[in-house]
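Worksheet: the structure to be examined is printed underneath.
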Amino acid sequence: MSTQIASVTAEATPERPRTLGSTVRAYFALTKPRVMELLLVVTVPAMILAERGLPSFWLVIATLIGGAMSAGSAGAFNCYIDRDMDRKMRRTKNRPLVTGEISDRNALIFSWVLGLMSIVWLYITTNWLAALLSLVAIFFYVVIYTLILKRHSEQNIIWGGIAGCFPVLIGWAAVTESLSWEPWIFFLVIFLWTPPHYWPLSIKYKEDYAAANVPMLGVVRARSTVSLQIILYAWATVAASLLLVPVAPMGLIYTITAVVSGAYFIIESHALYNHAIRGKEGRPMRVFHGSISYLTVISLAMALDPIFYFGFIG
């Protein structure tokens, strides 16, 4: 069966001349750069909060390189494992393993090498705890999410999303070689944020996931049910983000930003639900992109706040 699928794909995809540049771009695409970028966005604020100011420039660079390799390895493993599903979905039809730009064998080797490099790099340039957390993050995303949960449970995004929370812990550990309450609260924020971020995507691409037999919530539940879950998780995300105010502690920059951007996130989630209960499609991708903006904005505020709070007020 897999041979037939590969044959059909090869026939459907015109042969393109391969250059060094196209090969590099294909391997880069294998790392899921958009996901990687989002994960790195939360790493630097965690490091600044841990330092209570600006950490060493070279430590930040080293941590970002290690984090990028770690996330890239997990993404590449995911592309390798899910290549059968990617061939059935329109949104993933241009991934390198589907188009044949990279062979399955080379993709698997690349995934292992990049993952091992991330662990060794973080151990050498930061510390053992950051390296260990990188290993756990890759394991969780590849084994717990991709191999176990994604194909078998509608709860896949909820628990699988834990892997995306690890960059916060890695960033904090790189600075302090320890973990305290602050990074775990930020971890909780991203954990609660992941479902309302991803479920709108499962609504938009419901047919794709159904064709690939992936039990995303948008496939197995009614739109109104999914939208209601998005609202509940959006409220929980904003509430968790405000826990940092007394615990960190955070100043006015973060507090005001968390409240205002959180209100926007919640309002957009309610708008999606209101459309769903009236039998309308609404704009799930507006919530999806809005959730990215929300996390980016509060992460930026989290980075700026300690510099002013501890640098000038403290």
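The values are calculated or read from the model by the stated rules, or taken from the named source; none is laboratory data. Since the structure is predicted, the reported quantities are computational estimates derived from the model, not experimental observations. So basically every Cβ, Gly included, is an ideal-geometry build from the backbone, and we count neighbours across all protein chains shown.
Numbers for the structure displayed
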{"read-out": "Test: residue in the range 152-159 that is part of a helix (DSSP H, G or I) and crowded, with 21+ Cβ neighbours inside 10 Å", "value": "yes"}
{"read-out": "Output for the range 270-310, where each listed residue is modelled with pLDDT of 90 or more and either small (Gly, Ala, Ser) or not assigned by TED's automatic domain parsing to the domain that holds residue 241 (or both)", "value": "271, 290, 291, 293, 299, 301, 303"}
{"read-out": "Positions within the range 255-314 being loosely packed, with under 14 Cβ neighbours inside 10 Å, of a type in the set (Gly, Ala, Ser) and touching a residue at least 60 places away in the same chain (Cβ under 8 Å), in sequence order", "value": "311, 314"}
{"read-out": "Hits in the range 183-195 (condition: touching a residue at least 24 places away in the same chain (Cβ under 8 Å) and closer than 13 Å to residue 241 by Cβ)", "value": "185, 186, 188, 189, 190, 191, 192, 193"}
{"read-out": "Filter result for residue 36 (at pLDDT below 95, part of a helix (DSSP H, G or I) and either of a type in the set (A, V, I, L, M) or buried (at least 22 other Cβ atoms within 10 Å of the Cβ) (or both))", "value": "yes"}
{"read-out": "Test: residue 61 is of a type in the set (Val, Ile, Thr), out of contact with any Ser or Thr (no Cβ under 8 Å at 6 or more places or on another chain) and modelled with pLDDT of 95 or more", "value": "yes"}
{"read-out": "Every residue from the range 74-104 that is within 22 Å of the chain's Cα centre (by Cα), closer than 22 Å to residue 20 by Cβ and of a type in the set (S, T, N, Q)", "value": "94"}
{"read-out": "Single match in 207, 154 (criterion: in contact (Cβ under 8 Å) with a residue 60 or more places away in the chain and of a type in the set (Asp, Glu))", "value": "154"}
{"read-out": "Residue in the range 193-205 that is over 21 Å from residue 45 (Cβ atoms) and among the β-branched types (Val, Ile, Thr) present", "value": "yes"}
{"read-out": "One residue from 287, 297, 260 being β-branched (Val, Ile, Thr) and farther than 18 Å from residue 38 by Cβ", "value": "260"}
{"read-out": "Any hit, the range 212-229, residues being at pLDDT below 95, in a helix (DSSP H, G or I), more than 30 Å from residue 184 (Cβ to Cβ) and within 21 Å of the chain's Cα centre (by Cα)", "value": "yes"}
{"read-out": "Qualifying positions in the range 86-142 - in contact (Cβ under 8 Å) with a residue 12 or more places away in the chain, out of contact with any Asp or Glu (no Cβ under 6 Å at 6 or more places or on another chain) and of a type in the set (Lys, Arg)", "value": "87, 88"}
{"read-out": "The one condition in (1) farther than 22 Å from residue 39 by Cβ; (2) touching a residue at least 24 places away in the same chain (Cβ under 8 Å) that residue 241 fails to fulfil", "value": "(1)"}
{"read-out": "Flag for residue 172 being modelled with pLDDT of 95 or more, over 20 Å from the mean Cα position of the chain (by Cα), not basic (Lys, Arg) and not assigned by TED's automatic domain parsing to the domain that holds residue 248", "value": "no"}
{"read-out": "Count of the range 122-148 residues which are in contact with a Phe, Trp or Tyr (Cβ under 6 Å, 6 or more places away or on another chain) and over 24 Å from residue 185 (Cβ atoms)", "value": "1"}
{"read-out": "Test set (1) surrounded by fewer than 19 Cβ atoms within 10 Å (Cβ to Cβ); (2) in the same structural domain as residue 167 (by TED's automatic domain parsing) - residue 44 fails condition number", "value": "(1)"}
